[in-house]
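Q: Here it is: the structure, laid out below.
The values are calculated or read from the model by the stated rules, or taken from the named source; none is laboratory data. Every value quoted in this text rests on a predicted model; they were computed, and no experiment measured them. Cβ atoms come from the backbone with ideal geometry, glycine included; neighbour counts cover every protein chain shown.
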Ligand code: DGJ
């Protein structure tokens, strides 16, 4: 029964009716990953959602740190924030759970109109056990660590321990139960079970139990994958240790993910500490066992409950960055740049990620707690640095759902300026799109008749663009510090290309394109020139003879 204060009958009816309607309203749709024809969308509230994310610093997982988080997140124009939840903080005493931080976090996230991705720092955080509760990290008998061939104890908790898995799983399930209880509207849209798992300095556990497993046959899923039966060494050769540890860590996390999903079926992903993107052998000894780019197939086979694996990219080299994006954007794996450096030079890779149909992007260390992880990220997170990312998010936040919908169904491509500032091109349908850098808005690169100063972005690590092909001859283009040109990939005899119409604009909330103005004349004579403030254009192309 609902007790209502005295009021006219009609008002009473209205109140009762709205209460009844609210009770009957279907629960908000669960976030999920939808994959179709090798393309992907993260669905939030039943619609595609581009995760314009910022990740807070590691120790910002306490209510006292949150006031230092939100101002940066607002300046960033992020719509999603990744925040750690540490096993040590929720189960300081075994069997006693405290989720008060999550309550504060979810409440404040709603006030700030952002969604959350929770990072479960449990058995493995950057491979180590530092975030496990004291009763775990001090009890190596109950929670064994990997052993070296000499019988020495390695720092990493072994994935071959049922006791550790059960203890972690129990806490993780309690976390998911809490999320289910307090978050019917799904402010929390995704979970990352563990963080950068693997092992440095030891490629596999040499304990008696691990040796026994290693001497056995590979699981049938891997035999199928490789088209070959046999021991780990027979099937994986030089990569046997890496495959073995990857399989067992992925199976461990899969069990955790399955148990968590049984409580609340949110998307779950795992992030990778990356090795050399061009050299699998060298990558195999970097955070061995994690979802390294050369082990994605093994992870897929081992962890069907992990929706995707993600790169943490802290490599400023544009070629390496592009290689990582390539490795992790696959028909069976949506690309989410789960972490990247927060220094300004990383911001241009947002464009390259969009060009690989990324479902999200996340600079790391986005809060004002004053910590800097330089040389990975920025020396100081000043306003200018935040703005390097924020300017891009500002353009995309209002249109993120439309972009995400388009990118999950249409061809896209993107580019970020490389070290040589060379032109970059790709063919989409019959059109060749070219990104050019360090050019003034007016004029051609080969003009010699007029003296020109070097462009202010010369030598600067800025500039990039992304295009989506929305029709055979129609494109959406966004970029900053870049010139974009369209031409025919293979012009027929006497065939010329032209820009029929270029509109600057945006999408209305209902998804309709709203033109602000038509660009023409100087604004299109030398290609589409984007300055530092990103813009969105709709371009219609055509040909004439
Ligand atoms: C990658 C890890 O996933 C993060 O938690 C953090 O430790 C960064 N490296 C370095 O700041």
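Q: Condition first: closer than 16 Å to residue 423 by Cβ and exposed (fewer than 12 other Cβ atoms within 10 Å of the Cβ). Now tell me which residues in region 445-497 satisfy that.
A: 446, 458
Q: Here's something else I'd like to know. Between 516, 466, 422, which is in contact with a strand residue (DSSP E or B) (Cβ under 6 Å, 6 or more places away or on another chain), at pLDDT 95 or above and within 30 Å of residue 315 (Cα to Cα)? Before the answer, list the steps.
A: On the way: 516 fails: within 30 Å of residue 315 (Cα to Cα); 422 fails: in contact with a strand residue (DSSP E or B) (Cβ under 6 Å, 6 or more places away or on another chain).
Answer to the check: 466.
Q: Would you point out the residue of region 50-68, among those that are more than 15 Å from the ligand (Cβ to nearest atom) and outside any strand (DSSP E or B), that is nearest to residue 349 (Cα to Cα)? Write out each step before concluding.
A: Here is the first cut: in region 50-68, the ones more than 15 Å from the ligand (Cβ to nearest atom) are 50-52, 62-64, 66-68.
Imposing the further condition that a residue be outside any strand (DSSP E or B) reduces the set to 50, 62-64, 66-68.
Working: 50: 15, 62: 30, 63: 32, 64: 32, 66: 28, 67: 29, 68: 26 Å.
Taking the candidates together, the pick is 50.
Q: With the structure loaded, tell me whether residue 252 is within 16 Å of residue 290 (Cα to Cα), touching a residue at least 40 places away in the same chain (Cβ under 8 Å), more than 16 Å from the ligand (Cβ to nearest atom) and in contact with a strand residue (DSSP E or B) (Cβ under 8 Å, 6 or more places away or on another chain) or whether it fails that test.
A: Here the answer is yes, as residue 252 does meet what is asked.
Q: Taking region 132-155 only, how many residues are in contact (Cβ under 8 Å) with a residue 60 or more places away in the chain and either assigned to a strand (DSSP E or B) or under 15 Å from residue 92 (Cβ atoms) (or both)? Before the answer, list the steps.
A: Residues of region 132-155 that are in contact (Cβ under 8 Å) with a residue 60 or more places away in the chain, as a first pass: 144, 146-147.
Checking the rest, the ones that are also either assigned to a strand (DSSP E or B) or under 15 Å from residue 92 (Cβ atoms) (or both) come to 146-147.
Counting residues in region 132-155 that are in contact (Cβ under 8 Å) with a residue 60 or more places away in the chain and either assigned to a strand (DSSP E or B) or under 15 Å from residue 92 (Cβ atoms) (or both) gives 2.
Q: Residue 128 - would you say it is free of Cβ contacts under 8 Å to residues at least 40 places away in the same chain, within 16 Å of the ligand (Cβ to nearest atom) and surrounded by fewer than 24 Cβ atoms within 10 Å (Cβ to Cβ)? So that I can check it myself, show each step before the final result.
A: Numbers: free of Cβ contacts under 8 Å to residues at least 40 places away in the same chain: yes; within 16 Å of the ligand (Cβ to nearest atom): yes; surrounded by fewer than 24 Cβ atoms within 10 Å (Cβ to Cβ): yes.
Yes, satisfied.
Q: Could you tell me which residue of region 194-248 is farthest from residue 151 (Cα to Cα), considering only residues that are touching a helix residue (DSSP H, G or I) at 6+ places or on another chain (Cβ under 8 Å) and within 16 Å of the ligand (Cβ to nearest atom)?
A: Taking the candidates together, the pick is 194.
Q: Does at least one position in region 304-318 carry a residue that is under 18 Å from residue 465 (Cα atoms), within 16 Å of the ligand (Cβ to nearest atom) and surrounded by fewer than 20 Cβ atoms within 10 Å (Cβ to Cβ)?
A: First pass over region 304-318, keeping only residues under 18 Å from residue 465 (Cα atoms): 316-318.
Then drop every residue that is not within 16 Å of the ligand (Cβ to nearest atom), which leaves 316.
The next check asks that each one be surrounded by fewer than 20 Cβ atoms within 10 Å (Cβ to Cβ); those that pass are 316.
Yes, there is a match, as at least one residue in region 304-318 is under 18 Å from residue 465 (Cα atoms), within 16 Å of the ligand (Cβ to nearest atom) and surrounded by fewer than 20 Cβ atoms within 10 Å (Cβ to Cβ).
Q: Here is a follow-up. Mind checking which strands (runs of 3 or more DSSP E) fall wholly inside region 347-432 and carry at least 2 residues that are touching a residue at least 40 places away in the same chain (Cβ under 8 Å) and within 16 Å of the ligand (Cβ to nearest atom)?
A: Numbers: elements: 360-363, 412-416, 424-428.
Hits in region 347-432: 360-363.
Q: Would you check which residues across region 35-49 are assigned to a loop (DSSP other than H, G, I, E, B) and in contact with a helix residue (DSSP H, G or I) (Cβ under 7 Å, 6 or more places away or on another chain) and list them?
A: Scanning region 35-49 gives a single hit, 49.
Q: List the residue pairs whose Cβ atoms are under 6 Å apart, where the first residue sits in region 221-243 and is surrounded by fewer than 19 Cβ atoms within 10 Å (Cβ to Cβ), the second is in a helix (DSSP H, G or I), and the two are 6 or more positions apart or on different chains.
A: Hits for this filter: 221/301; 225/297; 225/301; 226/235; 228/235; 229/223; 233/240.
Q: Still on this structure: Does residue 67 fit the bill of being modelled with pLDDT of 95 or more and over 23 Å from residue 403 (Cβ atoms)? Give the derivation first.
A: Numbers: modelled with pLDDT of 95 or more: yes; over 23 Å from residue 403 (Cβ atoms): yes.
For residue 67, the condition - modelled with pLDDT of 95 or more and over 23 Å from residue 403 (Cβ atoms) - is met.
Q: Let me ask another. If you check every pair at least six apart or on different chains, which have Cβ atoms under 9 Å apart with a residue in region 41-66 that is within 19 Å of residue 364 (Cα to Cα) and without any contact (Cβ under 8 Å) to a residue 24 or more places away in the chain first and a residue that is within 16 Å of the ligand (Cβ to nearest atom) and in a strand (DSSP E or B) second?
A: Listed pairs, sorted by first residue: none to list.
Q: Among the residues of region 156-167, what is the count of those that are assigned to a helix (DSSP H, G or I) and surrounded by 17 or more Cβ atoms within 10 Å (Cβ to Cβ)? Break it down into steps so the answer makes sense when it comes.
A: If we filter region 156-167 for residues that are assigned to a helix (DSSP H, G or I), which is where we start, we get 162-167.
From what is left, the residues that are surrounded by 17 or more Cβ atoms within 10 Å (Cβ to Cβ) are 164-165, 167.
Final tally of qualifying residues: 3.
Q: Further question on the same structure: With the structure loaded, tell me whether residue 374 is modelled with pLDDT of 95 or more and surrounded by fewer than 21 Cβ atoms within 10 Å (Cβ to Cβ) or whether it fails that test.
A: Details: modelled with pLDDT of 95 or more: yes; surrounded by fewer than 21 Cβ atoms within 10 Å (Cβ to Cβ): yes.
For residue 374, the condition - modelled with pLDDT of 95 or more and surrounded by fewer than 21 Cβ atoms within 10 Å (Cβ to Cβ) - is met.
Q: Tell me, which residue of region 76-107 that is surrounded by fewer than 18 Cβ atoms within 10 Å (Cβ to Cβ) and part of a helix (DSSP H, G or I) is nearest to the ligand (Cβ to nearest atom)?
A: So the first thing to find is which residues in region 76-107 are surrounded by fewer than 18 Cβ atoms within 10 Å (Cβ to Cβ), and the list is 92-98, 100, 103-104, 107.
Applying the additional criterion that residues be part of a helix (DSSP H, G or I) yields 100, 103-104, 107.
On the way: 100: 23, 103: 23, 104: 21, 107: 24 Å.
My answer is 104.
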